[in-house]
1. State yes or no: is A:LEU458 surrounded by 19 or more Cβ atoms within 10 Å (Cβ to Cβ), among the aliphatic types (A, V, I, L, M) and over 18 Å from A:LYS23 (Cα atoms)?
2. Can you list the strands (runs of 3 or more DSSP E) found entirely within region A:410-504 that contain at least 2 residues being at pLDDT 70 or above?
3. Tally time: how many residues in region A:38-94 are over 15 Å from B:VAL214 (Cα atoms), of a type in the set (Val, Ile, Thr) and buried (at least 20 other Cβ atoms within 10 Å of the Cβ)?
4. Which pairs have Cβ atoms under 6 Å, sit 6 or more apart or on different chains, and link a residue in region B:136-158 that is under 13 Å from B:ILE179 (Cβ atoms) and more than 14 Å from chain A (Cβ to nearest Cβ) to one that is assigned to a helix (DSSP H, G or I) and modelled with pLDDT of 95 or more?
5. Please work out which one of (1) part of a loop (DSSP other than H, G, I, E, B); (2) at pLDDT 95 or above is the condition B:GLY142 fails and give its number.
6. Of the residues A:GLY170, A:GLY190, only one is touching a Ser or Thr at 6+ places or on another chain (Cβ under 8 Å) and either away from chain B (no Cβ under 14 Å) or touching a residue at least 12 places away in the same chain (Cβ under 8 Å) (or both); which?
7. Within the set of pairs 6+ apart or on separate chains, which have a first residue in region A:416-440 that is free of Cβ contacts under 8 Å to residues at least 40 places away in the same chain, a second that is outside any helix (DSSP H, G or I) and of a type in the set (Gly, Ala, Ser), and C-beta atoms under 7 Å apart?
8. Among the strands (runs of 3 or more DSSP E) confined wholly to region B:3-74, which include 3 or more residues that are under 27 Å from B:ARG221 (Cβ atoms)?
Amino acid sequence: MLNEAISFKFKSSNESLRTAMKKVVIDPVTRIEGHAKISIYLDDAGQVTDARFHVTEFRGFEKFCEGRPLWEMPGITARICGICPVSHLLASAKAGDRILSVTVPPAAAKLRRLMNLGQIIQSHALSFFHLSAPDFLLGMDSDPQSRNLFGLIAAEPELARGGIRLRQFGQEVIEILGGRKIHPSWAVPGGVRAPLSEEGRDRIQKRIPEVRTTILKALERFKQLLQDYEKEAQTFGNFPTLFMGLVTDEGWWEYYDGCIRFVDSGGNIIADRLDPTRYQEFIGEAVEPWSYLKFPYYRPLGYLTQSDRSRLDSGIYRVGPLARLNVCTHIGTPLADKELKEFRDLGGATVLSSFFYHYARLIEILASIERIEMLLNDPELFSDRLRANADINQLEGVGVSEAPRGTLFHHYRVDENGLIQKVNLIIATGQNNLAMNRTVAQIARHFIQGSDIPEGMLNRVEAGIRAFDPCLSCSTHAAGQMPLHIQLIGVDGNIINEVWRVQQ
Amino acid sequence: MSVKTLTVNDRFISAREEETILEAAKDAGIHIPTLCYLEGVSEVGACRLCLVEIAGSNKLQPACVTKVVEGMEVSTNTPRLQQYRRTIVEMLFAEGNHICSVCVANGNCELQDLAIETGMTHVRLEYHFPDRQVDVSHDRFGIDRNRCILCTRCVRVCDEIEGAHTWDMAGRGTNSYVITDLDRPWGTSSTCTSCGKCVNACPTGALFYRGVSVGEMKRDRAKLDFLMTAREKKQWNV
């Protein structure tokens, strides 16, 4: 196993000899969802020439779903991820709605929204409190032995407990609606399977004051920390790109329906009211041989190749919490709008640093809590008309929804009986792929000098990736350590420097 | 009608002469696992899950088709039987493509229940991953042969209760599969009455109502028994 890994590294190192002299490999990247590694290429002077974020796992969902009945797709695709099953469930059900050519009953649409809000809260809370907070609150250079959730519980018990309970609240919303926390097969083409009970509504309502207090406290705490992390804020993926997300017809924050909007780094709307189901007209997908993750780009501006990295007007765009806050005019709830105003003071019209994904995540948790509170007062929520019945009426359908990590597209083609012929999924993390690669290079350039590899630097490179909260599959590495292996490889293939961190 | 007495798991029980070991045990509250057996239709003894040990014979006998005999000593749950049953269930899993987590019958499946009952924590055999067909051409039902265990319950209910004989078998051995009419798409069948008895009879997620999603397939087996009882006792001819 080890030999294989090393020989693979030699091979890729040789490939890159034409342009680079040495390579740093971080494999695997820790405290993210899924499996990935990072390669940093250095020249003779120890300066970073390039960096790559490789997604090393292969899933194959688009292929093995072929031949399945359409109605099973929400249940199957929800299994893509144990963190954001609801996102896939909803995008899949929405693609199914299109193929059945039905309008979902209003109560079902509202219940789907409610579940998506629960999903956003639980996933954002996981990303912030479980995965990333150890970096901010214990320090980027703190002892890696305790730089994890357990270290956080020891150092800041109240905040850690609040974060865990916040995630549990989001999970509870999902469970009350779908009958289970993970992989509920509840949303179906045409609507949803089960209603919300009044008892369930009361259970959610009762917890709102507690979770609202938790998130407001966390926001306060994070804002105090910002000045300590000025350097990170400047170097963690701080560059101009486009931002994409769903907005309502009025241009407000949206998470389930609506139209696509693109804004540029100056805050100008460059495309608006795009029909998300016609995504192929404005999103292209590029493929690179060194990663299983595709590289989507904004089609009118084209794909950014290696040679023209410095071009500013390329199709690189970001999605997710930061993008959603950058594309909307308002959120539409009082507390979150107040926070949004403060957030925007950081960067003018558009906040560019990916470090602020964390900040945006906290604001979105607050917005979701407020939205849940508003939704629960809607009497229509308890209607028993929840599922439109229809059969195959169109052979193609696209379902689009906002997942915690960004806009998610499910595109299906079926035969006349309803068996899947073709599946195309565009996952949020894929759309951030170009930006994540550039982020790694930016951090490495700033923090690596020469052949010395300080542990804190490695953690910063990983933290740069963590800011995007990439979801590479259903696995999480929330606690403890993953084995980490970094090699500096010279021109002749000799290992110049090597650092091991063995799994405990 | 004479009465026979026998022991099942060292318990004395009595049974009517024409009863099978399975029926006699059931009347006495003794559970024997079954899969191809379905109340209301004929027995075929195909799945071999109801095999029992009979004292004096080294050969295991299927309880669903073996008649009771005076003085018979039957054991239904010996370590040997437990091992065989678990192996049979493992073979069924390895032979088809059974993925419970995304199956329409998840939580309502007799094969799944048996895997739990026999303590199947994993499958020791190599999976075959056969290439099997899904047919959703019928406007009310669908069949996913990946989940079919060839119990032939659908064939028997269709033939014996509905009288349509739409279902039958094609092929041999592990390449066998159930067919509608002469292996035509179900939706084009001229014999199918769309009664849905086969769907109610299916022990797994192979037969399902069109449009059901994961874990949503629930069946009403009592309907089949109700129909047969009503027919045999002529309850409609008052």
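The values are calculated or read from the model by the stated rules, or taken from the named source; none is laboratory data. Just so we're clear, the structure is a prediction, and the values are computed from it rather than from any experiment. Glycine gets a Cβ as well: all are built from the backbone with ideal geometry, and neighbour counts include every protein chain shown.
1. For A:LEU458, the condition - surrounded by 19 or more Cβ atoms within 10 Å (Cβ to Cβ), among the aliphatic types (A, V, I, L, M) and over 18 Å from A:LYS23 (Cα atoms) - is not met.
2. On the way: elements: A:420-426, A:484-489, A:495-501.
The strands (runs of 3 or more DSSP E) meeting that bar are A:420-426.
3. Taking region A:38-94 as the starting set, the residues that turn out to be over 15 Å from B:VAL214 (Cα atoms) are A:38-64, A:66-67, A:81-84, A:87, A:91, A:94.
From the residues that got through so far, the ones that are of a type in the set (Val, Ile, Thr) too are A:38, A:40, A:48-49, A:55-56, A:83.
Now restrict to residues that are buried (at least 20 other Cβ atoms within 10 Å of the Cβ): A:38, A:40, A:48, A:55, A:83.
Number of matching residues: 5.
4. Close Cβ pairs (under 6 Å, with a partner that is assigned to a helix (DSSP H, G or I) and modelled with pLDDT of 95 or more) amount to B:CYS154/B:CYS198; B:CYS154/B:ALA201; B:CYS158/B:CYS198.
5. (1)
6. On the way: A:GLY190 fails: touching a Ser or Thr at 6+ places or on another chain (Cβ under 8 Å).
Going through A:GLY170, A:GLY190 in turn, the sole match is A:GLY170.
7. Sorted first by the residue in region A:416-440, then by its partner, the pairs are A:ASN417/B:SER137.
8. Numbers: elements: B:3-8, B:11-16, B:51-54.
Where strands (runs of 3 or more DSSP E) fall fully within region B:3-74 and carry at least 3 residues being under 27 Å from B:ARG221 (Cβ atoms), they are B:11-16.
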